[in-house]
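Data block below; observations after.
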Amino acid sequence: MRIPGDVSVASLDDARWMTVTTPGITAARRPSYDMGARAATVLLQSLAGQPGRRRHLLPADVIRRESVAAPRRADAVTS
C-alpha cells in the first residue's frame with residue numbers, strides 16, 4: 001500500500017523520528033507538561049475532598065506532513 005495514495009497515516013503523539021521518515025508522519029502534538037500539571041492538580045483536589053470537573057480540554061496542534069491526503073471522491077473509488 002502507498003502512503004498517502006492508498007491510506008493516510010496520523011499519530012496522536014509527535015516524535016522527532018516522524019520528521020525523518022518518507023513520507024513524514026502527520027501528528028497531533030499534545031501539551032504533555034500541561035496534561036501532567038492538570039492531572040496532578042485534579043488528584044490533589046480529589047484527595048482534599050474538593051469536587052472537580054470530570055472533563056478538561058487542552059489545546060493540541062496538528063502537525064501536517066506528507067502522510068495524509070485529501071479524501072477521494074466517492075465516484076472516483078473503484079472496487
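The values are calculated or read from the model by the stated rules, or taken from the named source; none is laboratory data. Note that the structure is a prediction, hence the values are computed from the model and not measured. Every residue, glycine among them, receives a Cβ derived from its backbone with ideal geometry; neighbour counts consider all protein chains shown. Please note that ligands, DNA and RNA were not included when accessible areas were found on the heavy atoms of the full protein model with its side chains. Shrake-Rupley method; radii C 1.70, N 1.55, O 1.52, S 1.80 Å.
When ALA27 is tested against (1) at pLDDT 90 or above; (2) exposed (fewer than 12 other Cβ atoms within 10 Å of the Cβ), exactly one condition is not met: (2).
Here ALA28, ALA39, ALA10 are screened, and the one residue that is more than 14 Å from the chain's Cα centre (by Cα) and among the small types (Gly, Ala, Ser) is ALA39. Across the range 1-21, the number of residues qualifying as open to solvent by 70 Å² or more (accessible area, probe 1.4 Å), part of a loop (DSSP other than H, G, I, E, B) and without any contact (Cβ under 8 Å) to a residue 12 or more places away in the chain comes to 3.
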